[in-house]
1. With region 724-834 as the region, which helices (runs of 4 or more DSSP H) entirely inside it contain at least 2 residues that are of a type outside the set (Phe, Trp, Tyr) and either open to solvent by 70 Å² or more (accessible area, probe 1.4 Å) or under 30 Å from GLN696 (Cα atoms) (or both)?
2. Spot the failing condition for GLN489; the list is (1) modelled with pLDDT of 95 or more; (2) under 27 Å from ILE399 (Cα atoms); (3) in contact with a strand residue (DSSP E or B) (Cβ under 9 Å, 6 or more places away or on another chain); (4) open to solvent by 40 Å² or more (accessible area, probe 1.4 Å), and only one is missed.
3. If you go through region 569-592 one residue at a time, how many are in contact with a Phe, Trp or Tyr (Cβ under 6 Å, 6 or more places away or on another chain) and part of a loop (DSSP other than H, G, I, E, B)?
4. Looking at region 114-132, I want the residues that are on the phi > 0 side of the Ramachandran plot and have a partner that is among the aliphatic types (A, V, I, L, M) and surrounded by fewer than 23 Cβ atoms within 10 Å (Cβ to Cβ) with Cβ atoms under 8 Å, at least 6 apart or on another chain. Which pairs are those?
5. Run CYS561 past the list (1) farther than 30 Å from LYS601 by Cα; (2) buried (at least 16 other Cβ atoms within 10 Å of the Cβ); (3) touching a Lys or Arg at 6+ places or on another chain (Cβ under 9 Å) and report the number of the one that doesn't hold.
6. Would you check which residues across region 625-647 are buried (at least 20 other Cβ atoms within 10 Å of the Cβ) and within 20 Å of ARG254 (Cα to Cα) and list them?
7. Quick one: which of ARG516, ARG498, ARG502 is touching a residue at least 24 places away in the same chain (Cβ under 8 Å), open to solvent by 40 Å² or more (accessible area, probe 1.4 Å) and on the phi < 0 side of the Ramachandran plot?
Amino acid sequence: MIENLISTVQRPSRYLGNEINVPQKDWASARVRMVLAFPDVYEVGMSHLGLPLLYDILNQHGWIGAERVFAVWPDMEAALRTAGRPLVSLESGTPLAMFDVVGFSLQYELSYTNVLTMLELGGIAPLAAARKREHPLVIGGGPNAFNPEPAADFFDAFVLGDGEEVVLEIAEVVDQWKTQGSARLDVLKALSELEGVYVPSFFQPRYDNQDRIVEIRPRFPEKPRARKRILPTLDSNRSPSRPLVPCTRIIHDRLSLEAARGCTRGCRFCQAGFIYRPVRERSPREILKLAEAGLASTGHDELSLLALSVGDYGNIQRLLQTLMQYHRNKQVAISLPSLRVGTLDEEMIEAIKQVRKTGFTLAPEAGSERLRCVINKGISESDLLDTVREVYSADWRLIKLYFMMGLPTERTEDLEALVALTMKVWREAATHKPPRRLHVSVSTFVPKPHTPFQWEAQLSLAEIEKNLAFFKRSLRKKGLHFKWHKPWQSVLEGVFSRGDRRLGEVLLRAQQLGCRFDGWSDQLRVDLWQQAFAEAGIDPLIYGQRSRDFGEILPWSHLDCGVSEDYLWKEYERAIAEVVTSDCRTAGCNKCGVCDHKTVKLQLHQEMTTEIGESRGSADSTDGLYRYHMVFAKIDNGRFLSHLEMATVFQRAMRRAELPLAYSKGYHPSPRISFGDALPLGLESKVEEMEVVLCQPLTTSEICSRLNAELPPGLEVLEAEEKHKSTRQTASTVIRYEATLPGESWPAEGFRRFHSRSLAPLRQRSKRGETIISLEDRLLSLESLDPHRIRLTLTQDANGNIRIRDLLTHIFDLPEQKVLDARIIKVSSELTEG
């Protein structure tokens, strides 16, 4: 009967593999086909706010088909090359070379080799000059676009600034170009006319005999600079109301909402604080509406409010209170990942801890108050320690501190002050019961374009290693975890952060030599990078460890971020003089140049006028507790979900289905859902079991129908039954499996050994050692259903669980890989006495 129920439920058409809320389109019929490419793995790319936002904006238009592609790990790259297969899009499986536009998100300088690898695997020539009319346009965007010169030879265009409006204008230009059938140069010229688009081939740098730029000559003199695009207001930019939900775990596995864009604090090292100006806060009404819709459509139990300094949001305390009031009874945690010391008060702490305590991250950046004045980080030591005491006293168990070394004017006493400040926090952590934890991270300062420190030199490799050795000696304490950035990664980041077009040769050679995922410390190949620099005849030290003079033409001098160079230089002079610059949010305009005070201006929301009702689905007033036992199938794509991922999928599906879940008490309230023993990854089952406790009664048919409507293909509840007590298994279980061996028959010798009772005991190894299991009373039957398919019955009990793949390998004496290729499904499970 159970088998007949499988796949009878009509699923909503909003799934792609193991993703939820994917738009349903005839991708191939779109007039303009774009693929949004992220040069890192899926788990990282899907955690980024910008990619899903542009994906949603583009796919709201029927004539545009926007798909996604991510970098693949080196083992998958090798498999693609061996099979002669190209890198394809996630949605339709289309090779990259068949798209009209390939749009890369450039978040980090050390992702450039991944960009080149993705182009190569996708069948696209890496050099823009080698591409013909029929080839895709390769466009980059993100913070690296504000100095894309090291990668300029590989891109047709870059987007500077906010992409929400210009991405649609790009699609319109491409649509017209395809209709007209004009030359590739024509579409590049049309793109360059869009505000916020930079076409690098239209600018040519010229160098002197000291390798310094003396001129950046525009091909079209009427446009000597490219200016960034600014979205006037965030309320015109609707975040997706049905965000994509991966079923696999990603880095930031939660609902993220952008509360504000831009920052006026003016930290002089911070590129984002300058290139994303001015501050534009999303209205409270819009945030509340997006939060309600997003949580309902995703099932997430954590909401993250994002901004460069979210604590500066106009009325953050009232917004937090309102969000908590409405979502408290659904146990939704509110996280604020970018809090600044001084914006975190007792009222805010109390609001956040109502549901769940997440760790707090604080970024003093420098150890001494003198150096914090240099970088314009207006944090006093007393403010920081007061915040630490409040956080630890409110029962948070972990604080993370972020510092930098190598900041301009840094002295030995500044490094010693960093250690001294850390020790004060560590001693505060130790006064609490149980002792609190402290994580400290120190990274190397990297001068960034369009900041007051863009003219500064970076620490040498030897200086970085010397400072790290000092910190490793000084920060060795129980309960203190010290992390640092790999020195060579910081050096490379500094080179490409302020590099010019001559580095394109180094990038291409490094990629050809095998450099991939350079931002991952375990993947970085320093030897190959050194070889690439040597073969290109380029000394990396001329980029990182050389200070620049004011007035020197920089590789990005023709790219306008809105903040004037004169303002940046004045800020640099104030830094050297240790003078703090006030926040224009409260002290008036500092005349940085970005605002016209008409369309482009600060947008703040000081008043909180929006009121919403009480939380629905109250967990405080219940009719009691109701326990339900369920049997579900995990088949097809569902078998690729780990046990933890599957549990998360069910939990979110129950929240989307608005089942009245009961929650545990204590430090981290969680829904009262329990599963049977974990099914090994890759195995299928028609008889998995789970229990869920609800705080209101529902009919079993309603539970099944509501839950199945929210589960992705491959997971399906087959039956449910109300139970008055837990049905934990305490007896032996008889389990029946079917296994299919693709392309060949199961060896007859295995059947002979079973029937003659000559099977040796099964030896299974684990972290706890070796277990020897006699099969005489455990393997009850083995039969052939056809040459490729068998059925076997075995018992599982307290004497040791038999791993089915180990058993098949043992019986049939097959290589491990052949058994891994077999499709194995658990078809029945019955309790027995004893």
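1. The helices (runs of 4 or more DSSP H) meeting that bar are 748-755, 816-821.
2. Failed condition: (4).
3. So in region 569-592, the residues in contact with a Phe, Trp or Tyr (Cβ under 6 Å, 6 or more places away or on another chain) come out as 569, 592.
Narrowing the set further to residues that are part of a loop (DSSP other than H, G, I, E, B) leaves 592.
Here the count works out to 1.
4. What qualifies is GLY123/ALA97.
5. Tallying (1) farther than 30 Å from LYS601 by Cα; (2) buried (at least 16 other Cβ atoms within 10 Å of the Cβ); (3) touching a Lys or Arg at 6+ places or on another chain (Cβ under 9 Å), CYS561 fails exactly one: (1).
6. Result: LEU641, MET646.
7. Testing whether each residue is touching a residue at least 24 places away in the same chain (Cβ under 8 Å), open to solvent by 40 Å² or more (accessible area, probe 1.4 Å) and on the phi < 0 side of the Ramachandran plot leaves just ARG502.
Matching residues to (1) touching an Asp or Glu at 6+ places or on another chain (Cβ under 8 Å); (2) of a type in the set (A, V, I, L, M, F, W, C); (3) more than 29 Å from GLU292 (Cα to Cα):
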{"site": "PRO364", "(1), (2), (3)": "no, no, yes"}
{"site": "GLY367", "(1), (2), (3)": "yes, no, yes"}
{"site": "ARG370", "(1), (2), (3)": "yes, no, yes"}
{"site": "LYS377", "(1), (2), (3)": "yes, no, yes"}
{"site": "ASP383", "(1), (2), (3)": "no, no, yes"}
{"site": "ARG389", "(1), (2), (3)": "yes, no, yes"}
{"site": "LEU415", "(1), (2), (3)": "no, yes, yes"}
{"site": "VAL419", "(1), (2), (3)": "no, yes, yes"}
{"site": "TRP426", "(1), (2), (3)": "no, yes, yes"}
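The values are calculated or read from the model by the stated rules, or taken from the named source; none is laboratory data. This structure is a prediction, so every number in the text was calculated from the model and none was measured. Glycine also receives a Cβ, built like all others from the backbone with ideal geometry; neighbour counts cover every protein chain displayed. Only protein heavy atoms, including side chains, enter the accessible area calculation; ligands, DNA and RNA are left aside. Shrake-Rupley method; radii C 1.70, N 1.55, O 1.52, S 1.80 Å.
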